[in-house]
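The values are calculated or read from the model by the stated rules, or taken from the named source; none is laboratory data. Computed from a predicted structure; not experimentally measured. In this analysis, Cβ positions are derived from the backbone assuming ideal geometry, glycine residues included, and neighbour counts consider all displayed protein chains.
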Amino acid sequence: MFLSVFEMFKVGIGPSSSHTMGPMVAAARFLDLMRASPFQFAGVRASLHGSLAFTGIGHATDRATILGLAGFLPDSYDHTKAEATLAAINTDRTLTPTGLPRLAFDPKTDMIFDYEMALPGHANGMRLMATDAQGDIVLSETYYSIGGGFVMTQAELDAGKATDEGAPIPFPFKTAAEMLDMATQSGKSIAQMKRANEIARGGPENFRKGTQRLWQVMNDCINRGLSTEGILPGGLSVRRRAKSIHDALLAERGMNLNAPHTINDWMSVYAMAVNEENAAGGQVVTAPTNGAAGVLPATLRYYLDHVPGASETHIEDFFLTAAAIGGLVKFNASISGAEAGCQAEVGSAAAMAAAGLCAVMGGSPEQVENAAEIALEHHLGMTCDPVKGLVQVPCIERNGLGAIKAVSAASLALRGDGTHLVPLDACIETMRQTGADMSEKYKETSLGGLAVNVPNC
């Protein structure tokens, strides 16, 4: 099993990796399918199912799907161009993707929210259809947005998780137990093993440049969030708070006003800055999802800005270790809120961040595994119940608390020798089972929890 750092961490747009980025990627894949087809196409349609339907408007799934069918991709998204394209589509009711004829598409009738029929493969299902001049469907494909911007067709989902194409990797661990055994046998750290796997697939220069870009985008996102004020879109009138909190923290420096627990405010404000940017549709990095995108960069920024002896030379090891843990969670359970609740998103992010921080602070592989387990264990059962289907309440603050838990988990693990009762593998399996047992009301449908108990109009 191999999931690259650049699969776990992908540059994209808010507010959701599974509801915004995933559908855009699926639409782009469908365009490629159309380009390879012998049929003559005259129009396209899209239908959203399950969680994609229930929270699609709040998560901008309709916009993302339409823009994807128009040729946009998350990694190269241009907001100004996208707005102009959407305006033209709403006026002309046509799409003009490269390499295809002008396609009829009326957003009011061809973008369908199907609240009745869930698709069998995953809670985030969508169907894309191409029609001929008579309006008959001549090509269709079912896609599932399975979390973190990952997209699979029905056939790919049916093929199972074991599918892995590419050059052989030296450390193919599928469980935390295998990971620790390989570390013991090789004498390498988790980051060193993961680095060897990455280089085997992509080479050292691609890895170096890729990780530099990831941190640049993450850090830029934090800084934008710390300097931007205003009301977030969507109708809840949620006010951005990161800038005012950050300004207050800066003003208090050197005034002997800081209680020791003020460090928690720094961790929170870094995370909130990211998730306010995400809620506004800005550029973020999945870590491992958009809804949980603030936890890991906040933890890394905390390390770089507040931990004595911290060094930017350790950023790669932070990413490598975090990605190794994220890959285990995704392969053996889920990182999708629509599949397993927010334990799968913020819980996974906290486990990844805790592992990364523990590693760069000198933790052994056993301590790193312990840190990840502590962080994930104390998110078990967390629901995903966004008010009005927006990635704002409780998501923004939840990332701040996730970062605090990540730092606490790493600190606790470093106080021990790595010996602990609950293995990370058992915790991941418990998360999977808990997600399977969780009511659909609490899995990103906005049909339960805070979403129905907080006035949202």
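Against the list (1) of a type in the set (Lys, Arg); (2) touching a helix residue (DSSP H, G or I) at 6+ places or on another chain (Cβ under 8 Å); (3) within 22 Å of Ala60 (Cβ to Cβ), the condition Lys243 fails is (3).
Residues checked against (1) under 28 Å from Ile263 (Cα atoms); (2) part of a loop (DSSP other than H, G, I, E, B):
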{"position": "Ile404", "(1), (2)": "yes, no"}
{"position": "Val407", "(1), (2)": "yes, no"}
{"position": "Val422", "(1), (2)": "no, yes"}
{"position": "Ile428", "(1), (2)": "no, no"}
{"position": "Ala436", "(1), (2)": "no, no"}
{"position": "Lys441", "(1), (2)": "no, no"}
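Residues that are more than 12 Å from Leu249 (Cα to Cα) and not small (Gly, Ala, Ser) within segment 262-282 comprise Met272, Val274, Asn275, Glu276, Glu277, Asn278, listed in sequence order. Kindly evaluate Asn370 against the criterion of being modelled with pLDDT of 95 or more, touching a Ser or Thr at 6+ places or on another chain (Cβ under 9 Å), within 19 Å of Ile190 (Cα to Cα) and not β-branched (Val, Ile, Thr). It is true that Asn370 is modelled with pLDDT of 95 or more, touching a Ser or Thr at 6+ places or on another chain (Cβ under 9 Å), within 19 Å of Ile190 (Cα to Cα) and not β-branched (Val, Ile, Thr). Among the candidates Val274, Val269, single out the residue that is within 22 Å of Met8 (Cβ to Cβ), buried (at least 24 other Cβ atoms within 10 Å of the Cβ), of a type outside the set (Asp, Glu) and under 23 Å from the mean Cα position of the chain (by Cα). Going through Val274, Val269 in turn, the sole match is Val274.
Residues are listed down the side, and each one gets a yes or a no for (1) of a type in the set (A, V, I, L, M); (2) touching a strand residue (DSSP E or B) at 6+ places or on another chain (Cβ under 9 Å):
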position	(1), (2)
Ala251	yes, no
Asn258	no, no
Ala287	yes, no
Thr313	no, no
Phe318	no, no
Ala322	yes, no
Phe331	no, no
Ser336	no, yes
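Can you tell me how many residues within segment 48-64 are of a type in the set (A, V, I, L, M, F, W, C) and touching a strand residue (DSSP E or B) at 6+ places or on another chain (Cβ under 7 Å)?
3
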